[in-house]
Amino acid sequence: MSLVRSLLDAVKSPPAPPDPPAGKVPAHGWAPFDGPLAKRPRNRAEVVEMFGDPTRGGLYMRKADPTWVRLSIVECRGPDAFLPVLAKAYFPVHRLVEPYMREAFRRAELAAPGYIGRPGTWGYNFRRIRHSVTGPLSYHAYGIAVDVNPDDNRAVTFMPGKTPPPWSPEWNRIWPRGMPLEVVEAFESCGFSWGGRWKGFSDPMHLEWVSKREAKV
């Protein structure tokens, strides 16, 4: 199947996004965002099927296939920036995930005004997991992941059984300015999985548009 066909087949007509009354966080919590994609990928094979292969079958490993980039990666600028306080900021993301990313940032800004900042917060980045030399591509390389406030949400590896629960006293000691629950809930309501819930390797900066999986970013 061609890249163009696989991208088009994954899309359904997008409904209007749910909007809380008067631009506020709903008292009952966020409704799931029903964006243009019919499903979330569950594994790497489904990621490639839905979003295409930036290596074109392994031909491009030092940088992404330029044709894939041209067809897949978009930027959000000016008045359409993800964060209204950052009018000149932009985030490169996969065009099919862009509606979910935009809505997640909108909800996060309503829920925790001013928490998400720049520079540092970023999406598409063609690299391997954890900048490995031999590992598989990161989901950042597909434009379906974002790192939020990395200086305040650094990744930490724990011994088996020693990962502290999110927002517990030990968690707050390690990440005193870590990701607020309100931001996590905003992203999860838009289909993102949060790296701060992983055991052993906890990566609170990381959010990806993938269902449950192993901790490989």
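Every number here is computed from the coordinates shown, using simple stated rules; none is lab data. No experiment lies behind these values; they were computed from the predicted model shown. When we count neighbours, we look across all protein chains shown, and the Cβ atoms used for this are built from the backbone with ideal geometry, even at glycine.
Can you check what the net charge comes to around Ser202, using other residues whose Cβ is under 12 Å from the Cβ of Ser202 (Lys, Arg +1; Asp, Glu -1)?
With Lys, Arg at +1 and Asp, Glu at -1, the neighbours total +2.
Using R₀ = 30 Å, calculate the FRET efficiency as 1/(1 + (r/R₀)^6) where r is the Cβ-Cβ separation of Arg177 and Arg127; round to 0.05.
Rounded to the nearest 0.05, the efficiency is 0.75.
How high is the relative contact order of the stretch 96-217? Use alpha-carbon pairs under 8 Å, at least six apart in sequence, and give a whole percent.
Relative CO of the stretch 96-217 lands at 30 percent.
Between rounded, prolate and oblate, where does the stretch 101-217 land on the alpha carbon gyration tensor, with a ≥ b ≥ c its root eigenvalues, rounded for a/c under 1.5, else prolate if a/b exceeds b/c?
In terms of gyration-tensor shape, oblate.
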